[in-house]
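Below: the structure, in structure tokens.
The values are calculated or read from the model by the stated rules, or taken from the named source; none is laboratory data. Predicted, not measured: the structure shown is a model, and the values here were computed from it. Note: ideal-geometry Cβ built from the backbone for every residue, glycine included; neighbour counts use all protein chains shown.
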Amino acid sequence: MEDGRSVGYLCADFDGEPAYGGIEGRWLSEQPYVVVHRLALDNAVKGRGLASQVFRLVEELALARGVHSFKIDTQTDNKRMRHLLEKNGFQYCGTILFDGDKKLAYEKLI
């Protein structure tokens with residue numbers, strides 16, 4: 001933002017997510033992947049398409065590393081994130097158990 005505050009944060013991880021090994025369902029692939037944890041944007045910038053831009057940047061980073069799979073999970077009641085994922089080409093693959101909570105798991109081949 002113009003005043004120097006950050007507009008958001010995320011963690012792009014290429015080391016895998018152990019919880020993803022116990023999926024109830026089936027991933028689209030079993031290849032190396034990037035996973036995004038904790039995508040958050042400041043309310044002041046929501047609705048501007050920034051989350052989709054962030055996903056595209058993560059995809060570019062993954063492709064630069066030779067990674068062609070992008071996995072992510074979200075809370076079952078997070079309708080906004082579910083819509084965002086589907087809008088950006090992610091496919092629902094099943095559920096995972098993470099920190100005792102059931103989460104919806106998505107993958108996009110890039």
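Return yes when V54 is under 13 Å from A105 (Cβ atoms), modelled with pLDDT under 95 and surrounded by 13 or more Cβ atoms within 10 Å (Cβ to Cβ) and no when it is not. So V54 does not fit the description; no. Of everything in the stretch 80-110 that is at pLDDT 95 or above and at positive phi, the residue that is nearest to the chain's Cα centre (by Cα) is G89. Is it the case, given these coordinates, that E59 is touching a Cys at 6+ places or on another chain (Cβ under 7 Å), modelled with pLDDT of 95 or more, surrounded by 12 or more Cβ atoms within 10 Å (Cβ to Cβ) and of a type in the set (D, E)? No.
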